[in-house]
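Undergrad: I'd like to ask you about the structure that follows.
The values are calculated or read from the model by the stated rules, or taken from the named source; none is laboratory data. Everything numeric in this text was worked out from a predicted model, so none of it was measured. All Cβ positions, even for glycine, are placed from backbone atoms using ideal geometry, and neighbour counts span all protein chains on display.
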Amino acid sequence: MRIRTIALLGALGSGLAGCYTDRAILTNDQGETQTCEGRGWIGIIGPIVAHERLKDCVDKAKANGFKESPTASR
């Protein structure tokens, strides 16, 4: 019983550790590129925070004339 509890806690702990990264590459008409990244810790809120950071960066870049490139990895 104790080993099972330790194994379960270890699995849960490792699932909450680490970093989540989301990235988009944008280009403008002059061929300049801008990379936007959103990072957050894995867990319940981390991916949400990372997505919001990325979205904010992309929105600012689009307001400055950048467009998402077809090869952008999100």
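Undergrad: Identify all residues within region 18-36 that are within 12 Å of Cys57 (Cα to Cα) and surrounded by 13 or more Cβ atoms within 10 Å (Cβ to Cβ); write none if there are none.
TA: From region 18-36, those within 12 Å of Cys57 (Cα to Cα) are 22-26, 34-36; that's our starting set.
Once the filter is applied, which keeps residues that are within 12 Å of Cys57 (Cα to Cα) and surrounded by 13 or more Cβ atoms within 10 Å (Cβ to Cβ), region 18-36 yields Asp22, Arg23, Ala24, Ile25, Leu26, Gln34, Cys36.
Undergrad: Take the residues of region 50-74 that are not in a helix (DSSP H, G or I) and not small (Gly, Ala, Ser): which is surrounded by the most Cβ atoms within 10 Å (Cβ to Cβ)?
TA: Here is the first cut: in region 50-74, the ones not in a helix (DSSP H, G or I) are 64-74.
Next cut, not small (Gly, Ala, Ser) only: 64, 66-68, 70-71, 74.
Details: Asn64: 10, Phe66: 20, Lys67: 12, Glu68: 15, Pro70: 7, Thr71: 7, Arg74: 12.
Of everything passing the filter in region 50-74, Phe66 is surrounded by the most Cβ atoms within 10 Å (Cβ to Cβ).
Undergrad: Testing Pro47 on (1) surrounded by 12 or more Cβ atoms within 10 Å (Cβ to Cβ); (2) assigned to a loop (DSSP other than H, G, I, E, B), one condition comes back false. Which one is that?
TA: With respect to (1) surrounded by 12 or more Cβ atoms within 10 Å (Cβ to Cβ); (2) assigned to a loop (DSSP other than H, G, I, E, B), Pro47 is out only on (2).
Undergrad: Same structure again: When only residues in region 40-51 that are of a type outside the set (Val, Ile, Thr) and modelled with pLDDT under 85 count, which is farthest from Glu68 (Cα to Cα)? Explain how you work it out, then say what you get.
TA: Here is the first cut: in region 40-51, the ones of a type outside the set (Val, Ile, Thr) are 40-41, 43, 46-47, 50-51.
Then drop every residue that is not modelled with pLDDT under 85, which leaves 40-41, 43, 46-47.
Details: Gly40: 22, Trp41: 25, Gly43: 28, Gly46: 24, Pro47: 21 Å.
This residue is Gly43.
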